[in-house]
Amino acid sequence: MSVRVGEGIDRHRLEAGRRLMLAGVEIEHSHGLAGHSDGDAVLHALCDALLGAVALGDLGQLFSDKAEENRDRASADFLRAVMERVVGAGYRLGNADLTIMAEAPRLAPHVDAMRASVAKLCGCEPQRISIKATRGEGLGPEGRGEAITVRAVVLVEEESS
Ligand code: MG
């Protein structure tokens, strides 16, 4: 069986009064992620990792942040479209490991909902999706609560024909 790996990284600024979307889940917080779309850095990093694994470019090439149709768009749409390309290339998701760097809010209570959300969007079991949260100890833009950064690593497996 042929396997390939991909990595994706995304960082968005936190902005007061915006709703916070992470992994397709709305999370109660004073700030949300700024962006042309809904700013869901978890799904953006995952999309880039998946596209990287099958060498099909990056999310910005598929969905322009200049296009009016993508304004405030749910990033779940992006992930569905990316998964179609992964499947079209003959692969399926083996597993994904996602690390969210955020000082606040506390994400542990939301991990299971985020895993279920990503699994549903990818059409796989939640056991294939890992989501971890880490804080910045007051250092850097994440630690100061100015931004949330997400790193994604995925493995995709070639579908046997
Ligand atoms: Mg992004």
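What follows draws every value from the coordinates through simple rules; no lab data is involved. None of these values were measured; they are calculated from a predicted model. Counting neighbours? That spans all protein chains shown, and the Cβs are built from the backbone with ideal geometry, glycine included.
Worth a mention:
- Antiparallel bridge percentage (DSSP; both residues within the chain; nearest 5): 80
- Against the main long axis of the alpha-carbon atoms of the chain, helix 75-88 sits at an angle near 20°.
- Using alpha-carbon coordinates, inclination of helix 111-122 to the longest axis of the chain, degrees: 40
- Sequence-distant contacts, meaning Cα pairs under 8 Å at least 6 residues apart, place the relative contact order of the stretch 1-51 at 43 percent.
- Gaussian network model of the chain, springs between alpha carbon atoms under 10 Å - residue of Glu68, Glu84, Glu26 with greatest fluctuation: Glu68
- Virtual spin-label span in nm between Glu157 and Thr134, 7 Å along Cα→Cβ: 2.7
- Folded to 0 to 90 degrees: helix 41-53 orientation relative to the chain principal axis, Cα: 30
- Label separation (Asp58 vs Asp72): 2.7 nm, computed from points 7 Å beyond Cα along the C-beta direction.
- Hydrodynamic radius of the stretch 1-128 by the Kirkwood approach over all distinct alpha-carbon pairs: 14.9 Å.
- Net lengthening on full extension, Arg92/Arg80 (0.36 nm per residue, minus Cα-Cα): 3.0 nm
- Normalising the average separation of contacting C-alpha pairs (under 8 angstrom, six or more residues apart) by the number of residues puts the relative contact order of the chain at 33 percent.
- Backbone amide hydrogens, once placed in the peptide plane, bring Gly145 within less than 5 Å of Glu103, excluding anything fewer than 5 places away on its chain.
- Restricting the stretch 114-161 to GluC sites (Glu not before Pro) in coil, as DSSP defines it, with at most 10 other Cβ within 10 Å: Glu137
- Between Ala41, Ala67, Ala96, the residue with the greatest mean-square fluctuation in the GNM of the chain (Cα pairs under 10 Å linked by springs) is Ala67.
- Highest-MSF residue in the chain out of Leu79, Leu121, Leu43 [GNM, Cα springs under 10 Å]: Leu121
- Percent RCO, i.e. relative contact order, over the stretch 21-97, from Cα pairs under 8 Å lying at least 6 residues apart: 33
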